[in-house]
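S.K.: I am attaching a structure below and will ask some questions about it afterwards.
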Amino acid sequence: MSENPWTTLSGKVEYNNPWIKVTEYQVLNPAGGKGIYGVVGFKNLAIGILPLDEDMNTWLVGQYRYTLEEYSWEIPEGGGPEGRTALESAQRELQEETGITAAKWTKILDVNTSNSVTDERGVAYIAQGLTFGEATPEDTEDLQVRKVPFTEVVEMAMRGEIQDGLSLVTIFKAKLLLDRGEL
């Protein structure tokens, strides 16, 4: 099915900042009933990176997530601003959060992060051929970085110790590709 069954009657921006815009729409739903639909529009592309060394270790980033009021272990992630390619943003995020640069980059996924309420799109890369340097996190980031065998990261995800959506889909897609010998 490719036609939009929704009818937009009007829309009003209720909130706008440098990162997101929230718009409330007056709509007719697919059954013809009046309703509202709120959309959170993201101004950056979600970027995720799974660095893998020759021994199949990776690096996780831990930080307190204000939105959840809890600590979260994730793959290195960040936002890709307009005017910068996804790959350039991924390279910047990996270096910034972990100090790692990579010689080989493989894009493994495009994803809609939560398409019921947001238009946010994300991409994820595998980074290989790693070189290690000094991390340069932003002032808003209080990060811990851990080197972990990739097999253990998969187990952490299975146990629910990793719950971030972009991290999970990247980890499981990478596992599938590795198991198939495609990486």
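S.K.: What are the residues in the range 36-50 that are farther than 27 Å from residue 174 by Cβ and in a strand (DSSP E or B), if any?
M.R.: Of everything in the range 36-50, those that are farther than 27 Å from residue 174 by Cβ and in a strand (DSSP E or B) turn out to be 36, 37, 38, 39, 40, 41.
S.K.: Looking only at residues that are among the small types (Gly, Ala, Ser) and surrounded by fewer than 12 Cβ atoms within 10 Å (Cβ to Cβ) in the range 1-37, which one is modelled with the lowest pLDDT?
M.R.: Across the range 1-37, the extreme among qualifying residues is 2.
S.K.: Given the conditions (1) buried (at least 16 other Cβ atoms within 10 Å of the Cβ); (2) within 18 Å of the chain's Cα centre (by Cα), and given that residue 112 satisfies all but one, which numbered condition is not satisfied?
M.R.: Failed condition: (1).
S.K.: Got a sec? Which of 153, 148, 169 is within 29 Å of residue 41 (Cβ to Cβ) and of a type outside the set (Phe, Trp, Tyr)?
M.R.: 169
S.K.: Just to be sure I understand, how many residues within the range 116-164 are within 22 Å of residue 68 (Cα to Cα), within 16 Å of the chain's Cα centre (by Cα) and crowded, with 16+ Cβ neighbours inside 10 Å?
M.R.: Total meeting the criteria: 7.
S.K.: Sticking with this structure for a sec: Of all the residues that make up the range 65-80, how many are surrounded by 10 or more Cβ atoms within 10 Å (Cβ to Cβ) and either within 14 Å of residue 141 (Cα to Cα) or under 14 Å from the mean Cα position of the chain (by Cα) (or both)?
M.R.: 11
S.K.: For the range 63-90, how many residues meet the condition of being among the small types (Gly, Ala, Ser) and part of a loop (DSSP other than H, G, I, E, B)?
M.R.: 1
S.K.: If residue 66 meets every condition in (1) among the aromatic types (Phe, Trp, Tyr); (2) free of Cβ contacts under 8 Å to residues at least 60 places away in the same chain; (3) outside the structural domain of residue 145 (by TED's automatic domain parsing) apart from one, which number is that one?
M.R.: (3)
S.K.: I need the full set of residues from the range 81-95 which are in contact with a strand residue (DSSP E or B) (Cβ under 7 Å, 6 or more places away or on another chain) and either modelled with pLDDT under 95 or loosely packed, with under 15 Cβ neighbours inside 10 Å (or both), in order please.
M.R.: 81, 87, listed by residue number.
S.K.: Do we find that residue 61 is in contact with a Pro (Cβ under 6 Å, 6 or more places away or on another chain) and either in the same structural domain as residue 122 (by TED's automatic domain parsing) or in contact (Cβ under 8 Å) with a residue 24 or more places away in the chain (or both) in this structure?
M.R.: Yes.
S.K.: What number of residues in the range 157-166 are within 12 Å of residue 72 (Cβ to Cβ) and assigned to a helix (DSSP H, G or I)?
M.R.: Residues in the range 157-166 being within 12 Å of residue 72 (Cβ to Cβ) and assigned to a helix (DSSP H, G or I): 2 in total.
S.K.: Can you tell me which of 145, 169 is touching an Asp or Glu at 6+ places or on another chain (Cβ under 9 Å) and either modelled with pLDDT of 95 or more or in a helix (DSSP H, G or I) (or both)?
M.R.: 145
The values are calculated or read from the model by the stated rules, or taken from the named source; none is laboratory data. This one's a predicted model, so the numbers in the text were calculated from it and none came from an experiment. Note that we place each Cβ from the backbone using ideal geometry, even for glycine, and neighbour counts take in every protein chain shown.
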